Amino acid sequence: MRHWPAAYRHEGGVLVGQPYLLPWIDTALLQSLNGYMALPDIAPYIVRSELGGQAGPPGAIALAAIALKGARI
């Protein structure tokens, strides 16, 4: 597993305020996959969250709600 330099890490893993890194990360993703799997032609694959810094908590809550709903079926 690759460890990102401290300059590229952000608390919580969200790149809020650093959108200039997105193309670099997108390129790194494609290089790391190295043709391992076919990807849909929808580049870029790494995009900025529309929720910004609030993406983490609502995402976790949404996943938990989906899991609970699935557990009751």
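Rule-based calculations on the coordinates, nothing more; no lab input. This one's a predicted model, so the numbers in the text were calculated from it and none came from an experiment. Positions of Cβ are backbone-derived with ideal geometry, glycine not excepted, and every protein chain shown enters the neighbour counts.
Starting with the highest mean, order 30-43, 55-68 by the number of other Cβ atoms within 10 Å, averaged over the residues of each peptide.
Per-residue mean Cβ counts within 10 Å order the peptides as 55-68, 30-43.
What are the ³J(HN,Hα) couplings of the range 56-70, residue after residue, when phi is run through the Karplus curve with 6.51, -1.76, 1.60 and θ = phi - 60°? Round to Hz, x for glycine and proline.
x, x, x, x, 5, 5, 5, 5, 5, 5, 5, 5, 5, 5, x
What are the ³J(HN,Hα) values, in whole Hz, obtained from phi via the Karplus relation 6.51 cos²θ - 1.76 cosθ + 1.60 with θ = phi - 60°, for each residue of the range 37-46 in sequence order, with x given for Gly and Pro?
3J(HN,Hα) across the range 37-46, in whole Hz: 9, 6, 10, x, 7, 10, 3, x, 8, 9.
Calculate, for ALA28 and GLN54, the FRET efficiency according to 1/(1 + (r/R0)^6) with r their C-beta to C-beta distance and R0 25 Å; round to the nearest 0.05.
So, using R0 = 25 Å, E works out to roughly 0.50.
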